[in-house]
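Enquirer: Got a structure for you, written out below as structure tokens; questions coming shortly.
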Amino acid sequence: QVQLVESGGGLVQPGGSLRLSCAASGRIFSINDMGWYRQAPGKERELVANISSGGSANYADSMKGRFTISRDNAKNTVYLQMNSLKPEDTAVYYCNADLTRIVGGVVYEKDYWGQGTQVTVSS
């Protein structure tokens, strides 16, 4: 089975920084896009950033200039560096990966999700 495991969340004061990591494991043929989403209580899950296998990144407008997404393909890992954090950034952050598997000669492509990591920005 494929598993995505996030780490790096926690409590930080406004203006502080955190670095999230997400590692994919399992029988994976290739990983295409990877990304980060977040969901605050009572709100819809929203895109934070995503990155292609070639390293092209996209960001939601509110994160531009503060967050940086990167990936290490050799480690099947995606990162999110978060700077200048604000209370409104408080949410559960979820890792997402679009990947391809080959099982019994059959090709499968689908999205996978991690369990999420809590980020709380508060003084």
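The values are calculated or read from the model by the stated rules, or taken from the named source; none is laboratory data. Values in this document were obtained by computation on a predicted structure and should not be read as measured data. Side chains included, ligands, DNA and RNA excluded: accessible areas come from the protein's heavy atoms. Shrake-Rupley method; radii C 1.70, N 1.55, O 1.52, S 1.80 Å.
Enquirer: What lysines could a cross-link reach from K86, if we take a straight Cα to Cα line under 24 Å and drop same-chain neighbours fewer than 8 places away?
Expert: K43, K64
Enquirer: Assign one of three labels to region 50-122, namely rounded, prolate or oblate, based on the Cα gyration tensor with a ≥ b ≥ c the square roots of its eigenvalues; rounded applies when a/c is under 1.5, prolate when it is not and a/b is larger than b/c, and oblate otherwise. Can you show the working numbers first?
Expert: Working: a/c = 2.86, a/b = 1.93, b/c = 1.48.
Prolate is the answer for region 50-122, as a/c is 1.5 or above and a/b outweighs b/c.
Enquirer: Tell me, what % of the accessible area of the chain is carbon and sulfur with a 1.4 angstrom probe? Working shown, then result.
Expert: Details: 3020 of 6710 Å².
Heavy-atom surface of the chain belonging to carbon and sulfur, 1.4 Å probe: 45 percent.
Enquirer: Sticking with this one: Does region 25-70 classify as rounded, prolate or oblate by the C-alpha gyration tensor (a ≥ b ≥ c root eigenvalues; a/c under 1.5 gives rounded; else a/b over b/c gives prolate, otherwise oblate)?
Expert: Working: a/c = 3.19, a/b = 1.42, b/c = 2.24.
Cα axes put region 25-70 in the oblate bin.
Enquirer: I'd like to check one number: the per residue accessible area of the chain, probe 1.4 Å, reported in Å² as a whole number. Please list the in-between numbers first.
Expert: Details: 6710 Å² over 123 residues.
Per residue, the chain has 55 Å² of solvent-accessible surface.
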